[in-house]
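These notes are about the structure you will find just below.
Values in this text are rule-based calculations from the coordinates and carry no lab data. Everything numeric in this text was worked out from a predicted model, so none of it was measured. Glycine also receives a Cβ, built like all others from the backbone with ideal geometry; neighbour counts cover every protein chain displayed.
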Amino acid sequence: MRPLIVIRRVPKIDFMRWHLYGFAFSLALTALTIGLFFTVGLNYGIDFTGGTLIEVRVTTGPADLAAMRAKLDALRVGEPSLQGYVDKTTADCAASPPVCVLIRLPQQPGGDAAQMRVVQKTREALGPGIEYRRTEVVGPSVGSELIRAGVLATVLALGAILIYIWFRFEWQFGIGATIATLHDVVTTVGLFAIFQLEFNLTTLAAILTIAGYSINDTVVIYDRVRESMRKYRTMPFRDLINLALNETLSRTILTVSTVALAVLALLFFGGAVLRGFSIAMLWGIVIGTYSSLFIAAPLLYYVQPNRRAIARGADAGAERASR
Amino acid sequence: MLYFANWKVLLICGICALGVLLSLPNLFTPAQLAQLPSFVPHKQVALGLDLRGGSYLLLEVDVAAAQRDRLGTIIDSVRNTLRDAHIGYTGLNVEGDAITFTIREPDRIEEAKKAVGKIDPDLTVEIGSDGSGTMKFSTVATESRRRQAVEQSIEIIRRRIDETGTKEPTIQREGQNRILVQLPGVDNPEHVKALLGRTAKLSFQLVDQSVTVEDARRGRLPPGDEILPAAEEGRGSRSVASAGAYVVRKRVMVGGDTLVDAQATFQNNEPVVSFKFDTVGGKRFGDATRENVGKPFAIVLDSKVISAPVIREPILGGSGIISGSFTVQSASDLALLLRAGALPAPIQILEERTVGAELGADSIHAGAVASIVGVSLVIIFMVLFYGLFGVFADIALLFNLCLMLGALSVLGATLTLPGIAGVALTMGMAVDANVLIYERIREEVRGGRSLLSSLEAGFTRAFGTILDSHVTTLVAGILLYWLGSGPVKGFAVTLSIGVLTSLFSAILVTRLQIVTWLRRYKPKAIPL
């Protein structure tokens, strides 16, 4: 049984010719992210801000958002936000006009105890005929801890990856890989800032997975660069990078495709709860692949690893192997 | 490289078979499982609350409040001790986590230090030469109190939740002062929250009739007395209360810790709570009521007076009744709380996440559909691009799936919705190892190597890269597990397990298939 689709030839794309455009694009995207982060900010979910999220299904017909809002306004628990939604992946919420409603209530003044009373009040105000699908209440103390833990996790992940790459390669590779991964993490945050998508705990999980995936992609290419450095000791570095990128291109495309297939399945069939996660992952694998090709690899050109040291490593390895 | 020792073949097949066997129970319903013979594995993947429906509560034991309470009682002993010893003092107060005061006579500092030092061995007393003194709990004592308070709270919470009839609750300690409560199947935790939010500290104290509440509020509060508000349930008996409050003696006649039983019953068609003391409590209650016939005493719950009946005759039977405009629900709640015991410290609810059974079922369905679609797409893709070798990779992928499920079942890991996403994602990433190997083999063939040496080189050369990429993903997974919470932890678990099992299946299982194929068909060319 032979494969139906085969990439026979190694392509000869001059990636290095495009790398400055790549740098410019990425710098612009990063600047935009940082700008938006400090001006508009992220649309943090209640995991981080604290507050209440209630997902209900009205069992008596289409949801009357205005009436529900009026009932909640009467509670004086801050500005409630109500959002009817249609989710085709579930039988319960597929109806249009929507029967399912997401209710968000802001953080209540008066600490953790005050947060917890809100749900009871809401249940009493909305009355019968309502099915409570999900209730999440996060107090102020937990929210700030989760932000801290999230930032810490991301920083530690990048640090650990840097150390691992440094250990396995030369330090120059470590710098390139960290910059590329940082770029992917930052621009994923940027995606959430631009489209004001809800940024919550699962988004954070997606970002760490993206960091892992992106580094994976970069490592494969760096591995090849290192190998080529040993093989072609006199080839100009620019050509060497191009060669490594072209030789690994079919793998890069195939892998990004299989992961993308899995993520697309999650995006279209995984339901509303996983949507934010899937969007972040999809963007992350695309930007991660892009950054491996146009940032991580070209960066090596500017912080050229010591070819002699790498060649020595190869000779020593060959010697060990021949013994 | 292309030769497998027999024991290795057996080991690989054995692990795969074990994976299939351990993952099989997940295909059955619990009822069907119960009918299977006992030598068959029975463990299924435990579903997280976001999939099976249920309530997750994160509680914090307010240890500082308990300590403030304790200092509040100690301050009385300090006052009495100094007064009995006729040592002059000023500014006796609780400041933060310490009791502060100033001794007036500098030459009696040593004497004062000795006297108050006897009150509690856990306290360290320091008095400076200017007479200003502080009393603090030593760090060791504070730490052991804290631990004790958290452990006791867990025990009391367990009793309270068990009394509500919740099935299979999980109550565990989290960090230093926190307790994680998971209640499967509970879609409205308001009742549980209300029960957990109450300390339920019960005491019987005498009402001081020598002064009215108004006078006491104006600053004529007799020493050793306190003003306590009436509880909402207790509004009925207004005989000795005015302005919804009572002046009561601080000294506790009998405490709720001496109760052995409490039940909700009816008296004159009104819901009441009947209680029974243990021997010590019964005797103390009998003595106290005998000495105070004709006077009212307050039944105090969490610093609020439920009712203040007048003692008509000594109560010697060791049991009694609390009445005070209860509803049936509030009477049975109070009985439950008294039976389970008082919390050693107040509890705050920091976080609540509740998922209804309907959404849980929807999520399982959506997750399953997404995973099946995802895996199918990957399988088709691999066959399209790699033909026979793609089939090998797909077989390895299916074993990988079994191994993951089996590992999750055996480890007792919890599968959450993000966890399912982790499974789907790992399937997409797992074939990366195969892609790396196959692409490498293609390159070697293109480079003019022979069939065998291309295969060999493909596996050997790709291995380093595969290892690097797996380790980096594993790093992210471990950090997520360490710092994440709830469902995110579930994602981290499946991601990490998936990385490990895919390392095995993508490399060893695929290679074994290729070697077997080589031996049997002796092909002339690689179908890549």
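Figures for the structure shown
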quantity	calculated
For B:364-371, mean number of other protein chain Cβ atoms within 10 Å	6
Selected from B:Pro418, B:Trp517, B:Leu334, residue furthest toward positive end of dipole (the protein assembly as shown; charges at beta carbon)	B:Trp517
Where only C-alpha atoms are counted, convex hull volume of region A:1-103 per residue in Å³	236 Å³
Where N is the number of residues in chain A, Cα Rg divided by 2.2 N^0.38 Å	1.27
Only Lys, Arg (+1) and Asp, Glu (-1) charged, at Cβ; chain B dipole about Cα centre in debye	1340 debye
Relative intensity, log₁₀ I(q)/I(0), of region A:193-268 from a Debye sum that treats every alpha carbon as a point, q = 0.12, 0.21, 0.27 Å⁻¹	-0.51, -0.96, -1.23
Over region B:314-451, relative contact order from alpha-carbon pairs under 8 Å, at least 6 apart, %	24 percent
For q = 0.09, 0.13, 0.16 Å⁻¹, Debye-computed log10 I/I(0) when each Cα of region B:1-146 counts as one equal scatterer	-0.55, -0.72, -0.91
Reciprocal of mean inverse Cα separation for region A:92-166 (Kirkwood radius, Å)	16.1 Å
Projected label distance in nm at B:Ile227 and A:Ser96, using a 7 Å step from Cα toward the beta-carbon	6.4 nm
5 Å-binned pair-distance histogram of region B:63-142 (Cα, whole percent)	3, 16, 30, 27, 14, 7, 2, 0
Computed helical MRE - 222 nm, chain B, DSSP H runs ≥ 4 contributing -39500 (n - 2.57), nearest 500	-17000 deg cm²/dmol
Spherically averaged projected area of region A:51-138 from its Cα convex hull (nm²)	5.3 nm²
Net charge of Cβ neighbours under 13 Å - reference A:Ser228; Lys, Arg +1; Asp, Glu -1	+3
10 Å Cβ neighbours from other chains, averaged over peptide B:414-421	4
Degrees separating the helix B:6-23 axis from the principal Cα axis of chain B, which is the longest one	50 degrees
In nm, spacing of pseudo-spin labels at B:Asp76 and A:Gln83 (7 Å Cα→C-beta vector)	5.4 nm
The protein assembly as shown - convex hull of the alpha-carbon atoms, volume per residue in Å³	246 Å³
Radius 15 Å from Cβ of B:His365, net charge of other residues (Lys, Arg +1; Asp, Glu -1)	-2
Net dipole in debye of the protein assembly as shown [+1 Lys, Arg Cβ; -1 Asp, Glu Cβ; about Cα centre; nearest 20]	2880 debye
Two-site label geometry, A:Phe195 and B:Gln267: point separation in nm, points 7 Å out along Cα→Cβ	6.6 nm
Loop-located chymotrypsin sites (Phe, Trp or Tyr not before Pro) in region A:206-254 whose Cβ has at most 13 other Cβ within 10 Å (DSSP)	A:Tyr232
Ranked by how many other beta carbons lie within 10 Å on average, peptides A:121-127, A:239-245, B:520-526 from highest	A:239-245, A:121-127, B:520-526
Surrounding net charge for A:Ala70, when Lys and Arg each add one and Asp and Glu each subtract one, Cβ distance under 14 Å	0
Compactness of region B:126-176 - radius of gyration and Dmax, Cα, Å	18.7, 61
Compactness relative to 2.2 N^0.38 Å, alpha carbon Rg of region B:197-352	1.03
Dipole magnitude (debye, nearest 20) for chain A, charges at Cβ of Lys, Arg, Asp, Glu	1240 debye
Span-like helix ranges in chain A, DSSP H, alpha carbon extent 18 angstrom or more, Kyte mean at least 1.6	A:249-269
Peptide-level mean, for A:200-207, of C-beta atoms on other protein chains within 10 Å	5
Between region B:181-201 and region A:231-254, the Cα center-to-center distance that results, in Å	61 Å
Mean separation of Cα contacts under 8 Å, 6 or more apart, over the residue count of region B:197-352: relative contact order %	33 percent
Cα coordinate range in chain B, projected on the principal axes (Å, largest first)	109, 66, 38
Listed residue pairs exceeding 20 Å between alpha carbons, taken from B:Lys193/B:Lys276; B:Lys113/B:Lys136; B:Lys167/B:Lys193; B:Lys250/B:Lys276	B:Lys193/B:Lys276; B:Lys250/B:Lys276
Whole-number percent relative contact order across region B:78-193, with pairs defined as alpha carbons under 8 Å at least 6 apart	16 percent
